[in-house]
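Here's the structure, in structure tokens; my notes come after.
The values are calculated or read from the model by the stated rules, or taken from the named source; none is laboratory data. Bear in mind the structure is a predicted one, so any value in this text is a computation, not a measurement. In this analysis, Cβ positions are derived from the backbone assuming ideal geometry, glycine residues included, and neighbour counts consider all displayed protein chains.
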Amino acid sequence: MFDRTEIVVKAGDGGDGAVSFRHEKFVPFGGPDGGDGGNGGDGVIVADSGVTNLRIFKQKRLYRAVDGKDGKGNRRHGKKGEDLILKVPAGTVVSYKTQIGGDAYMADLEQPGQQVVVARGGKGGLGNTHFTSSTNQAPQIAQKGEVGEEHSIILELKLIADVGIIGYPNVGKSTLLAAASAAKPKIASYPFTTREPILGVAEVGRRSFVLAEIPGLIDGAHLGRGLGHDFLRHIVRTKTLIHLVDGSSASPVEDMIRVNAELNLFDSALAQKPQLVVVNKIDLPQVQARLDEIKDAFSSAGTTTLFISAATGEGVSEVMAETMKLLQSVHAEAGAGKKIPKKVFRPQPKGVGPSVHKEGDTFVVVAPELGRIFARTDITGPGARWQLESLLQRLGVSKALEKAGVKPGDRVRCGNLEWEW
Ligand SMILES: Nc1nc2c(ncn2[C@@H]2O[C@H](COP(=O)(O)OP(=O)(O)OP(=O)(O)O)[C@@H](O)[C@H]2O)c(=O)[nH]1
Ligand SMILES: [Mg+2]
């Protein structure tokens with residue numbers, strides 16, 4: 001039920017740009033005609049109404065988009081790599097593993113059609129035609145394709161239930177779920193018996209709704225105490241709540257107030273959800289003896305309550321009938337034709353521009369555009385060397401190096417290229 005899975009998505013690498021020259025009869029040195037490499041395909045996750053669970057993602061871990069093709073001579077550009085499209089159920093929350101550990105939220109694909117690019121394809125490299133200038137008609141350099149992004153992605157399907165049963169541990173949530181549906185949750189006299197949400201289908205007349213037991217909430221749950229946040233997040237999707245309290249507790253009203261305070265601390269929208277407050281365990285003599293007292297305490301807190309014994313089944317069908325009514329009124333309100341627009345989530349653009357730092361005696365240039373330049377000929381050869389220098393000027397790398405204090409004779413490195421300044 002609690003569906004969560006981790007996959008690795010690798011976007012396609014960009015194809016390399018070509019270094020090539022026209023070969024024509026009687027024209028020994030035609031102009032450059034190296035085509036650009038194609039962009040690598042993106043890794044995309046899309047909510048699709050035809051998919052209901054994340055099971056297929058448990059069989060395979062690595063998913064790859066297609067690489068872009070290399071550019072060729074005769075100005076032929078490489079083909080773009082095909083995007084990788086992964087279909088997930090609506091209601092999937094997408095996050096990614098950060099470098100420093102921990103998860104970072106990316107997108108909540110609530111509606112079919114919503115999508116998020118989780119790994120961007122590498123840009124194709126520029127062919128040598130881009131490196132001509134008035135003084136250089138025979139560029140020997142081109143650009144390598146950029147490596148496609150690779151990310152560990154976490155897919156998590158939020159619980160989709162109409163009604164959540166909430167309350168402190170041990171108040172009888174599982175017992176109520178078992179009494180109202182065919183679900184068979186474990187029932188025991190100690191707290192935190194239920195460790196993940198459990199679903200059941202409750203029937204009222206010819207109608208039905210999905211009921212979920214939300215594992216025990218305690219003080220500090222919003223800080224991760226007890227079973228923590230995870231389940232609070234799952235309540236978000238429910239439309240209404242049955243708030244169950246134990247009639248034999250010292251103060252059932254106090255319990256209700258505290259659980260609601262937790263909900264509010266986690267997300268005030270949760271505390272706004274319509275609730276049906278239900279006092280359980282009225283079969284116990286000590287509860288019977290103080291029914292009026294409990295009723296009065298709740299009404300002074302401004303709450304009307306229903307009374308049940310989940311164990312004997314007394315009052316359970318009334319609670320389900322009331323829940324159905326509450327649900328229908330929520331549906332009626334929501335049904336006012338509100339349409340949520342399709343969203344396309346896009347990752348932030350990367351920062352560009354060259355930067356320089358020193359590693360020992362070597363000046364290291366970090367410049368995404370330049371890091372991918374390669375020379376067909378030996379970099380120390382005069383032709384390529386000269387071309388590289390004019391490119392360094394153009395990209396602002398020379399300026400950055402001079403600012404960092406580079407002197408003739410110093411070692412400079414960028415990507416795979418290393419040369420003397
Ligand atoms: N006498 C009586 N005992 C009940 C009733 N409902 C539940 N219990 C008992 O209370 C204890 C806890 O019941 P559960 O249904 O497991 O409670 P829970 O809220 O699901 O508990 P956790 O999942 O641990 O948070 C068990 O020993 C049940 O038998 C009731 O109506 N009357
Ligand atoms: Mg339980």
task = Taking the residues in region 163-181 that are more than 10 Å from ligand 1 (Cβ to nearest atom) and more than 28 Å from the chain's Cα centre (by Cα) as candidates, determine which candidate is surrounded by the fewest Cβ atoms within 10 Å (Cβ to Cβ).
result = Ser181
message = Condition check: surrounded by fewer than 23 Cβ atoms within 10 Å (Cβ to Cβ) and more than 12 Å from ligand 2 (Cβ to nearest atom). Does Leu211 satisfy that?
response = no
key: Positions within region 72-101 being at pLDDT below 95 and small (Gly, Ala, Ser), in sequence order   = Gly73, Ala90, Gly91, Ser95, Gly101
query = What helices (runs of 4 or more DSSP H) completely inside region 221-306 contain at least 3 residues that are at pLDDT below 90?
reply = 229-235, 252-266, 268-271
ask   = Among the residues of region 167-182, which ones are within 11 Å of ligand 2 (Cβ to nearest atom) and hydrophobic (A, V, I, L, M, F, W, C)?
value = Val171, Leu176, Leu177, Ala178
query = Of everything in region 186-205 that's over 30 Å from the mean Cα position of the chain (by Cα) and closer than 25 Å to Ala321 by Cβ, which residue is farthest from ligand 2 (Cβ to nearest atom)?
reply = Gly205
task = Would you check which residues across region 202-214 are more than 7 Å from ligand 1 (Cβ to nearest atom) and either within 17 Å of Gly172 (Cβ to Cβ) or not in a strand (DSSP E or B) (or both) and list them?
result = Ala202, Gly205, Arg206, Leu211, Ala212, Ile214
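Working only within region 392-412, note down all residues that are part of a helix (DSSP H, G or I) and small (Gly, Ala, Ser).
Result: Ser398, Ala400.
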request  = From (1) modelled with pLDDT of 80 or more; (2) in contact with a strand residue (DSSP E or B) (Cβ under 8 Å, 6 or more places away or on another chain); (3) surrounded by fewer than 17 Cβ atoms within 10 Å (Cβ to Cβ), pick out the condition that doesn't hold for Leu401.
outcome  = (3)
remark   = Restricted to region 137-152 and to residues being more than 30 Å from the chain's Cα centre (by Cα) and within 14 Å of Ala18 (Cα to Cα), the residue modelled with the lowest pLDDT is Ala138
query = Residues in region 118-135: is at least one among the charged types (D, E, K, R) and within 28 Å of Leu276 (Cα to Cα)?
reply = no
request  = May I ask you to list the residues in region 182-198 that are more than 6 Å from ligand 1 (Cβ to nearest atom) and either touching a His at 6+ places or on another chain (Cβ under 9 Å) or within 19 Å of Ile235 (Cα to Cα) (or both)?
outcome  = Ala183, Pro185, Arg195, Glu196, Pro197, Ile198
ask   = Going by the conditions given, is Ile45 under 30 Å from Leu211 (Cβ atoms) and surrounded by 22 or more Cβ atoms within 10 Å (Cβ to Cβ)?
value = yes
request  = For residues that are of a type in the set (S, T, N, Q) and at pLDDT 70 or above, scanning just region 379-396, find the one that is nearest to Asn136 (Cα to Cα).
outcome  = Gln387
Among the residues listed as Gly31, Gly102, the single one being of a type outside the set (A, V, I, L, M), under 30 Å from Ala142 (Cα atoms) and surrounded by fewer than 18 Cβ atoms within 10 Å (Cβ to Cβ) = Gly31
message = Pairs needed: first member in region 180-191, touching a residue at least 60 places away in the same chain (Cβ under 8 Å); second member anywhere, not hydrophobic (A, V, I, L, M, F, W, C); C-beta distance under 7 Å; at least 6 residues apart or different chains.
response = Ala180/Gly200
